[in-house]
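Let me begin by presenting the structure, written as structure tokens, before commenting on it.
Each value in this text was obtained by applying a stated rule to the coordinates, not by laboratory testing. Bear in mind the structure is a predicted one, so any value in this text is a computation, not a measurement. We place every Cβ from the backbone using ideal geometry, glycine too, and count neighbours over all the protein chains shown.
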Amino acid sequence: MKKKSRYLAVIGSMVLGLVACDMKKQLTEMHDSTARLEDNTKKMGETTGEMNETTKKMAEITGAMKDITAGMSTVTSEMNGRTKKMSDVTGELYDAAKLGDSSIQRREALRELWRAHSSGRKIVEATKYFISFEYQLYSGMGQDESEEKKNHLIHQATLEFFKDVSEFLTSEVDAKPLDQAYEGTEENKEACLNAIAVALHQTNRKQDEYIIKNKLKEEDKISMYKIIVSALMKKAAINKGEIQLNGIPEYEREVLTHESTAIKLLQARHNFMVAVVLSEISEIKKGKIAAGLMLLKGWNVESEKINLAQSEQYLKLINAAFDVQNLLKQLGYTPKVNSMMSRMFRNAVWVDAKDNSSEVLATSLKSLKEVFVKFVQSLG
């Protein structure tokens with residue numbers, strides 16, 4: 001019994017020893033874990049401190065960036081202001097240059113218009129004169145944005161135009177589109193007036209460019225012819241009290257102030273357009289004898305000698321003359337054709353071309369013959 005008890009005691013002691021060892025191991029492991037946790041906690045604290053420092057530095061950087069952004073905004077604002085000033089200065093310089101250049105070009109064109117002997121050269125110079133007016137260069141951009149600016153430019157042009165035209169007016173009632181022009185003569189004045197009348201519709205290519213770029217509309221395109229016609233068409237309504245005189249633009253009032261000159265220009269335009277055709281299809285260029293024969297007897301229009309380009313050009317000119325003729329009638333005026341030229345047209349005999357191999361040319365010549373005959377008939 002005692003032996004058994006000692007055996008149990010030994011076993012118990014061994015069990016207790018194992019338990020004690022296990023507990024010691026667990027305590028050691030717990031101690032180690034606690035130490036590691038404490039170390040990790042310390043490291044986390046250090047990391048958190050570092051993060052705080054980093055956050056603080058980021059806040060400082062953000063603040064600096066805000067200052068930099070604010071500074072950049074100020075600089076950008078200042079640059080915008082300077083850019084606008086530069087744009088204004090550039091616009092002013094361009095406007096001033098445009099004013100000076102266009103004025104010089106008009107003066108030069110008028111000088112050459114006086115000097116030129118041929119009608120063709122005079123028309124070229126008259127065209128240069130018209131396309132150099134400032135309203136022709138109105139862009140709708142920059143200093144040209146306002147409608148008031150455009151109206152002002154047109155008004156200045158009409159004022160200058162009618163003063164210039166007054167130098168070419170003579171005491172002659174009927175236009176003389178066939179006279180040879182020599183500088184210093186009355187005939188030269190008439191020739192200059194004819195050239196100006198024919199070129200009234202000319203516009204600067206810049207107008208077409210601004211329309212293509214959508215800076216202007218097609219109806220914004222303007223010529224001296226359009227200005228004159230617009231004003232004269234309002235005369236009847238003004239006389240009836242349907243429109244107030246002060247209700248129309250200044251430039252149209254300027255046209256109506258010079259109504260007689262405007263009508264003489266339209267009459268000259270009507271005459272000279274068909275005079276160009278007459279000089280090309282007849283032998284009038286050969287001199288006074290040829291012209292005298294055309295006045296006395298019939299002469300032939302040899303349509304076989306007219307090519308397609310010429311036919312289309314003559315057709316265009318006669319139709320344009322009809323447009324002016326109809327306009328004059330609408331305004332209450334009788335279209336007048338130079339008496340000498342009228343007799344020549346009535347003596348004309350159209351001779352059809354024998355060669356009809358070109359269908360296009362044949363069609364064009366047929367149309368030309370129709371309007372030519374129609375024009376002759378309109379002469380009475």
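Among the candidates GLY292, GLY298, single out the residue that is touching a residue at least 40 places away in the same chain (Cβ under 8 Å) and of a type outside the set (Asp, Glu). Steps first, answer last, please.
Values: GLY292 fails: touching a residue at least 40 places away in the same chain (Cβ under 8 Å).
Selected residue: GLY298, the only one of GLY292, GLY298 that is touching a residue at least 40 places away in the same chain (Cβ under 8 Å) and of a type outside the set (Asp, Glu).
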Taking segment 100-143, which residues are surrounded by 20 or more Cβ atoms within 10 Å (Cβ to Cβ), closer than 22 Å to TYR251 by Cα and among the charged types (D, E, K, R)?
-> ARG106, GLU134
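Okay, residues lined up against (1) of a type in the set (A, V, I, L, M); (2) in a helix (DSSP H, G or I); (3) free of Cβ contacts under 8 Å to residues at least 24 places away in the same chain:
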| residue | (1), (2), (3) |
| --- | --- |
| ALA197 | yes, yes, no |
| LEU200 | yes, no, no |
| GLU242 | no, no, yes |
| ALA275 | yes, yes, no |
Members of segment 107-132 found to be touching a residue at least 24 places away in the same chain (Cβ under 8 Å) and within 20 Å of the chain's Cα centre (by Cα), listed by number = THR127, TYR129, PHE130, ILE131, SER132
Determine which member of the set LEU361, LEU331, LEU368 is within 24 Å of LYS264 (Cα to Cα) and out of contact with any Gly (no Cβ under 7 Å at 6 or more places or on another chain).
-> LEU331
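Would segment 328-335 turn up any residue that is β-branched (Val, Ile, Thr) and buried (at least 16 other Cβ atoms within 10 Å of the Cβ)? Let's see the steps before the verdict.
Kept after step one, since they are β-branched (Val, Ile, Thr), are these residues of segment 328-335: 334.
Okay, now just the ones that are also buried (at least 16 other Cβ atoms within 10 Å of the Cβ), so none.
Looking for residues that are β-branched (Val, Ile, Thr) and buried (at least 16 other Cβ atoms within 10 Å of the Cβ), one finds none in segment 328-335, hence no.
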